[in-house]
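Everything below concerns the one structure shown next.
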Amino acid sequence: MTRPTEPDAPAAAPPLWVVTGPTASGKSALALELAATLDLEILSMDSMAVYRQMDIGTAKPAAADRERVPHHLIDLVAPAESFDTARWCEAAAAALTAVHGRGRRALFVGGTPLYLMAFFKGMMQGPGRDDALRARLEQRERDQPGSLHEELSRRDPVAAERIHLRDLRRLVRALEVLELTGSTISSQQRQFDRSDWERPCRIVVVQRERDDLHARVKLRTEAMLAQGLLAETEAIERSGGFSLTSGAAIGYAECRDFLRGRYKDQVELRNRIRRNTHQLIRRQTTWLRRLPGVVRMTPEAGVSGLRAAFETPESPAGHR
C-alpha cells in the first residue's frame, strides 16, 4: 500500500517592492516608469500626499500619470483632519489586499521612512494617549515656539534628530511617551532596529550627491511657488484650515508664516522652504542609512537598473 503524498508546504509570499529615497532624489519618476513598464499599481508612502487639496507642495503625481498607472493612498482626508502612522498602515494594508485581490502587483513609493518602518517592521506598542498632557504641551508650544523640540533635544536627542521642530504631533507624542513611561520613544522603537522585516520586502533606495540634491531643491522650490503654492495655502485656510500634522508640512508651514506677516518678502519665504527641505533630507538620509539589506542606486541607473535591482534572484530584506 502506498503512503499518501505529503501536501506541499505553502509557497512563501513574494517580497513586496519598495522605492524610497530623500526628497528631490527622483525616486517617483523612476518608480512611475517602472510601474508603467511592468503593469504595477503604486501605493504612495508619503505622509503629506494623504491630504486632499495639498497638491503643489506635496508634488503629487499629475492626473495623466494617475490615469497611466493606478495610484493609492493619495487624497484620503481633508487638511483639517488628523492622520497618523497607524491610520496609514491600516489603509496601506487594505489597499494592498485590494491590489492582490485583483491579481495585480503593488509598488510602494515614497520618502516617509516612518511609514516604511512601521508597515514593514511593525508599530511600536506604546502607551495610550493622554489628552490633558497633550493639550498642555501644545499650549506651551504656542506660547513658546520651539520649546518642545528644545526639551526633546535634551531628553531624547536621537528622537529630536528625527523629528522636525515644526512636527508638533510627533514632538508631543515623543514627550508624552517620556512622561507616561519614563523611557524615551527612541529606546522603545526597538522593532525598527531588528535585522529582519515583519513583511518580506525588497527595497531600493534612490540617492544623489548632496550638491545635486540642493540644486534640485532650489529648482523645485521655485517651481512650486511659481505654480501657486501661496494661493493653494490660502485656499486651504479659507476652506477649513490645517491640522497640526498637515500644517507642519514643509512649504505650507512657511507659506502660512508668510501670510501671517512673519517674513519680510518672498525671497525669505523661498529661502526658508529651501533650508527646511535640506533639513528634511538630512533626517530622511539618517533614517535610510539604517535600513538593512537594501539596494542603493543613483538615478543614472534608470528604469532598467531599478528593474534589475528588483528582479535579481537574491534574498529579499524580509528573508535575511
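Every read-out reported here was derived from the displayed coordinates using simple, explicitly stated rules and does not represent laboratory data. All values reported here derive from a predicted model rather than from experimental measurement. Heads up, the Cβs are rebuilt from the backbone with ideal geometry, glycines too, and the neighbour counts pull from every protein chain shown.
Below are the figures for this structure:
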item: Nonlocal amide H pairs with CYS201, under 5 Å, H built at 1.01 Å; result: LEU16, ALA317, GLY318, HIS319
item: Net dipole in debye of the chain [+1 Lys, Arg Cβ; -1 Asp, Glu Cβ; about Cα centre; nearest 20]; result: 460 debye
item: Fully extended contour minus Cα-Cα distance, from THR286 to GLN227, at 0.36 nm per residue; result: 18.2 nm
item: GLU41 long-range amide H proximity, modeled H, under 5 Å; result: ARG105, ALA106, LEU107
item: Descending semi-axes in Å of the chain, equivalent ellipsoid built from Cα gyration tensor; result: 34, 25, 18
item: Selection from ALA160, LEU133, SER82, by position along the positive dipole direction of the chain (Cβ); result: ALA160
item: Max mean-square fluctuation residue, GNM over the chain, Cα-Cα springs under 10 Å, options LEU114, LEU16, LEU219; result: LEU219
item: Mean residue ellipticity (222 nm) of the chain, computed from DSSP H runs ≥ 4 via -39,500 (n - 2.57), nearest 500; result: -15500 deg cm²/dmol
item: Amide N of region 44-69 lying under 19 Å from the label point, which is placed 7 angstrom from the Cα of ALA36 along Cα→Cβ; result: 44, 59-69
item: Spatial separation of Cα centroids for region 249-275 and region 64-120, in angstrom; result: 29 Å
item: Residues THR312 and ARG154, FRET efficiency given R0 of 45 Å [Cβ-Cβ distance, rounded to 0.05]; result: 0.50
item: For the chain: relative contact order, % (alpha-carbon pairs under 8 angstrom, 6 or more apart); result: 27 percent
item: Listed pairs LYS121/LYS218; LYS218/LYS264; LYS27/LYS60 exceeding 24 Å between Cα atoms; result: LYS121/LYS218
item: Simple spin-label estimate for HIS100 and LEU219 in nanometres, 7 Å along Cα-Cβ; result: 3.9 nm
item: Nitroxide proxy distance, nm - points 7 Å out along Cα→Cβ at GLN279 and ASP131; result: 3.1 nm
item: Burial order of peptide ranges 130-140, 70-80 (average beta-carbon count within 10 Å, highest first); result: 70-80, 130-140
item: Percent RCO, i.e. relative contact order, over region 131-188, from Cα pairs under 8 Å lying at least 6 residues apart; result: 32 percent
item: Amide hydrogen neighbours beyond the local backbone of ARG296, cut-off 5 Å, H modeled; result: VAL205
item: 3J(HN,Hα) from dihedral phi, region 104-110, Karplus parametrisation 6.51/-1.76/1.60, rounded to Hz, x for glycine, proline; result: 10, 10, 10, 10, 7, 9, x
item: In nm, spacing of pseudo-spin labels at THR181 and ASP143 (7 Å Cα→C-beta vector); result: 2.8 nm
